[in-house]
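The values are calculated or read from the model by the stated rules, or taken from the named source; none is laboratory data. Here the structure is a predicted model, which is why all the values come from computation and not from measurement. Glycine also receives a Cβ, built like all others from the backbone with ideal geometry; neighbour counts cover every protein chain displayed.
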Amino acid sequence: MHLFEPGHVFGFVRWRGDGFGTQTWRVVVAVAGHPGEKLTRIPGLKPGAHLLLHAFGKTRAKRALRAIDVLSDAYVMHDIHPAYWRHVHAQIASNLPLDPYDPEVFASLDLARSSS
């Protein structure tokens, strides 16, 4: 079991396979919540977290993993702003291309979200 401090961004990959190959593909990036907060229930995670990116299915999970690989080559992963992970989720879910990561742009989006 892993424990995360509230506000800590983390991710995990989950898959299930059988004799016919991989059946379930899932990539998740989330933020650990504070005690008493309403959290999203995520399979394999208790009690839950604030979901930033959830890529379910082979094609979407592979796109998410490619995005993570590109980011990890250029940035320290825990420095990526949560707004970018939300962007990655929305673009993958809509089957649209990802915008490149710009720390200043996505930091301002996080700031705007927290002030509203």
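Couple of notes before you dig in:
- Test: residue in segment 63-77 that is at pLDDT 90 or above, in a strand (DSSP E or B) and under 14 Å from the mean Cα position of the chain (by Cα): no
- Residue tally, condition farther than 19 Å from ALA93 by Cα, surrounded by 14 or more Cβ atoms within 10 Å (Cβ to Cβ) and of a type outside the set (A, V, I, L, M, F, W, C), over segment 7-49: 2
- Given (1) over 14 Å from the mean Cα position of the chain (by Cα); (2) part of a strand (DSSP E or B), index of the condition HIS54 fails: (1)
- Residue count for segment 32-47, restricted to those that are at pLDDT 85 or above and either acidic (Asp, Glu) or within 15 Å of the chain's Cα centre (by Cα) (or both): 6.
- For LEU3, the criteria (1) more than 23 Å from ARG113 (Cα to Cα); (2) in contact (Cβ under 8 Å) with a residue 12 or more places away in the chain hold in every case but one, which is (2).
- Residue count for segment 63-93 satisfying the condition of being touching a residue at least 24 places away in the same chain (Cβ under 8 Å) and under 19 Å from ILE42 (Cα atoms): 9.
- Search result, residues across segment 79-106 that are assigned to a helix (DSSP H, G or I) and among the polar types (S, T, N, Q): GLN91
- Selected residue (criterion: modelled with the highest pLDDT) from residues of segment 1-31 that are assigned to a loop (DSSP other than H, G, I, E, B) and either within 22 Å of ALA61 (Cβ to Cβ) or basic (Lys, Arg) (or both): PHE4
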